[in-house]
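A short write-up of the structure that comes next.
Please treat every number below as a calculation from the coordinates, not as lab data. Please read all numbers here as calculations on a predicted model, not as lab measurements. All Cβ positions, glycine included, derive from the backbone under ideal geometry; neighbour counts span all protein chains shown.
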Amino acid sequence: MLLKRKSAPLMLERTHSILNIERRSFMKQTLSLGALALLTGCDSPEDNSAVDRILKAMSNWNDKAQAALFDPTKLAITYEQKDVVDPFRFNAFYGEDEIVTVAEADYKLALSGMIDNKTSWTLEQLRQLPQQSQITRHICVEGWSLIGKWGGPSFGDFLRKVGADTTAKYVGFKCADEYFTSLDMATALHPQTTMALTFNDKTILPRNGFPFKIRVPTKLGFKNPKHVMEIFVTNDYPGGYWENQGYNWFSGA
Amino acid sequence: MSNLDDKIKIHPLYVRIFHWINAVAMVLMIMSGWQIYNAAPVFEAIEFPDYLTLGGWLGGGIQFHFAVMWVFVTNLLIYFFVSILTGHFKHSMFPVTPMSILNDLGKALRGKLPHTVGTYNSVQKISYIGVIILMLLVLLSGLAIWKSVQFQTIGMLFGGYDGARVVHFVCMSLICAFIVMHLVLVAIVPSTLIPMITGWARKSAHADKETNHVA
């Protein structure tokens, strides 16, 4: 399944109407199961929003449970060079014909929010920082996964270098393709979280997130923003493109 | 109607509560799981029709799956705890030997398996033990998929992330097979349904039809 920009708002609407239709056909098919009587009480629009509220509350609870489960020193499994898939799969909320191209000459990474030194960064400056690399598994929320090799500055070191308030709750990202997402501070500071300037030791391609992608092997794929233009630190929940449509915010692996 | 002497308590209250919460949770987990599965099928040839899935889209399916997960797991853990504490497992499910299973299965296939109200035959015992193990495996493989980094040790038991997805799918399929068999047998011997609601059965309930009974 390709996640396309145009179909995304539609999907949201579908959530409600399909739930309704589904519940009815579901009832018909399972009338023989007396145990399911519990479900059949939810057929009016009011009850639907009650179901949605419960699901949202449970998703918020799951954010807390996952934050509690998150071990800041636990590393994602690393693999061998031979396992690396190159070229790496393109995946976004739009089609491959809409990939954004950011020109290196004009590029400046903007910093904002609870950061002491908000001076912007050129790509060359980022390349001068100490680099790290990892061969890890990228796991999509859809269930498929691929192993890749990402390299670049440690994101935690970068945040400390620019004087980010590491006691803040969130780090948010704004991207050139209008995508946006956010991480909890603990995950942003995880040793494997990397500003991936390279993929498989070569400059990362536009299709994989040039100028760079925040590679977070402890999160699902959609928490790894590409074409990052601005990084901000905040205590106000920043949400995200998919998160605002219903994907669980924490989505830790 | 029968008098009290004719009645026997088969299913204690906690077993009945567990059973029905588990039945609802299991169906919701399976249907939302099919929604998630369809986003990236483990086996290309297998996809589930939309009308059998829950949630409307991937995000909705995930919300259902990880909300009901807590109900399924909490209920299962309470059941384990109480069953071990009260000796329910020990007395109802054991002993069960390979010979007794073959013996009872042979009788069942010939339609000659006598039914004793309140006592499980070997085929029932092994079915229940089997489905309980499947529920544990589906839970563990699910944890390995949900938290592939935090629970990577569990993941290794299943041969890694992709292995855990296969195990999760196979356990789900076998649980579905159990549910189908379970419902078919209840349909054949409907009197077994009442004790799972009231707890009580008449001693003579199935005396007139000493049929196969693995429900």
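Averaged over its residues, how many other protein chain Cβ atoms are within 10 Å of peptide B:141-151's Cβ atoms?
Working: counts 0, 0, 0, 0, 3, 6, 7, 10, 17, 9, 3.
Partner Cβ neighbours, averaged per residue: 5.
My understanding is that a pair violates if its Cα-Cα distance is over 20 Å; which of A:Lys64/A:Lys161; A:Lys64/A:Lys149; B:Lys90/B:Lys112; A:Lys74/A:Lys219; B:Lys9/B:Lys90 do that in this structure? Mind showing how you got there, number by number?
Details: A:Lys64/A:Lys161 28 Å; A:Lys64/A:Lys149 30 Å; B:Lys90/B:Lys112 26 Å; A:Lys74/A:Lys219 13 Å; B:Lys9/B:Lys90 18 Å.
In this structure, A:Lys64/A:Lys161; A:Lys64/A:Lys149; B:Lys90/B:Lys112 exceed 20 Å between Cα atoms.
Dipole of the protein assembly as shown computed with +1 at Lys/Arg Cβ and -1 at Asp/Glu Cβ about the Cα centre; of A:Leu183, B:Ile197, A:Asn91, farthest Cα towards the positive end is B:Ile197. By the beta-carbon count within 10 Å of each Cβ, the least crowded to most crowded order of B:His65, A:His190, B:His19, B:His11, fewest first, is B:His19, B:His11, B:His65, A:His190.
Loop-only chymotrypsin sites (Phe, Trp or Tyr not before Pro) in the stretch B:5-60, please: DSSP not H, G, I, E or B, and at most 16 other Cβ atoms within 10 Å.
On the way: sites: B:Tyr14, B:Phe18, B:Trp20, B:Trp34, B:Tyr37, B:Phe43, B:Tyr51, B:Trp57; in loops: B:Phe43, B:Trp57.
Sparse-neighbourhood loop chymotrypsin sites (Phe, Trp or Tyr not before Pro): B:Phe43.
Rounded to the nearest 20 debye, what is the charge dipole size of chain B about its Cα centre when +1 sits on each Lys and Arg Cβ and -1 on each Asp and Glu Cβ? Each step should come with its number before you reach the end.
On the way: 13 positive and 9 negative charges, 135 e Å.
With only Lys, Arg, Asp and Glu charged at Cβ, the dipole is about 660 debye.
Once both labels are positioned 7 Å from their Cα atoms along Cα-to-Cβ, the gap between A:Lys202 and A:Asn244 label points is 3.5 nm.
Suppose R0 equals 41 Å; then what is the FRET efficiency for B:Glu47 and A:Thr122 from their Cβ-Cβ distance, rounded to the nearest 0.05? Let's see the in-between values first.
Working: r = 47 Å, r/R0 = 1.16.
Step by step, r from the Cβ atoms, then E = 0.30.
Roughly how crowded by other chains is peptide B:38-45, in terms of the mean Cβ count from those chains within 10 Å of each of its Cβ atoms?
On the way: counts 3, 7, 7, 4, 2, 0, 0, 0.
The shielding value for this peptide is 3.
Among the trypsin sites (Lys or Arg not before Pro) found in the stretch B:2-71, not one is both in a DSSP coil and sparsely packed, with 14 or fewer other Cβ atoms within 10 Å of its Cβ. Peptide B:46-58 shows a mean partner chain C-beta count of 5 within 10 Å per residue C-beta.
Return one number: the angle in degrees, 0 to 90 and rounded to the nearest 10, between the long axis of the Cα atoms of helix B:160-188 and the longest principal axis of the Cα atoms of chain B. Helix B:160-188 and the main axis of chain B meet at about 30 degrees.
Legend: ranking of residues A:Glu243, B:Glu44 from fewest to most surrounding C-beta atoms inside 10 Å; resulting order B:Glu44, A:Glu243.
Say R0 is 41 Å: what FRET efficiency, to the nearest 0.05, do A:Lys64 and A:Asp86 get from their beta-carbon distance? Intermediate results must be reported in sequence, preceding the final value.
Numbers: r = 38 Å, r/R0 = 0.92.
Efficiency for this residue pair is about 0.65.
When the helices in the protein assembly as shown are scored as -39500 (n - 2.57) per DSSP H run of 4 or longer and the sum is shared across all residues, what 222 nm value do you end up with, to the nearest 500 deg cm²/dmol? Don't skip to the end; give the middle numbers.
Details: 13 runs with 202 residues, N = 468.
Rounded to the nearest 500, it is -14000 deg cm²/dmol.
What's the angle, to the nearest 10 degrees (0 to 90), between helix B:98-109's Cα axis and the longest principal axis of chain B? Approximately 70 degrees, to the nearest 10.
Got a sec? How would A:Asp165, A:Asp97 order by Cβ neighbour count within 10 Å, fewest to most? Before the final figure, lay out the partial values.
Working: A:Asp165 15, A:Asp97 5.
Ranking A:Asp165, A:Asp97 by Cβ neighbours within 10 Å, fewest first, gives A:Asp97, A:Asp165.
Projecting label points 7 angstrom from Cα along Cα→Cβ for A:Leu129 and B:Thr116 puts them 7.2 nm apart.
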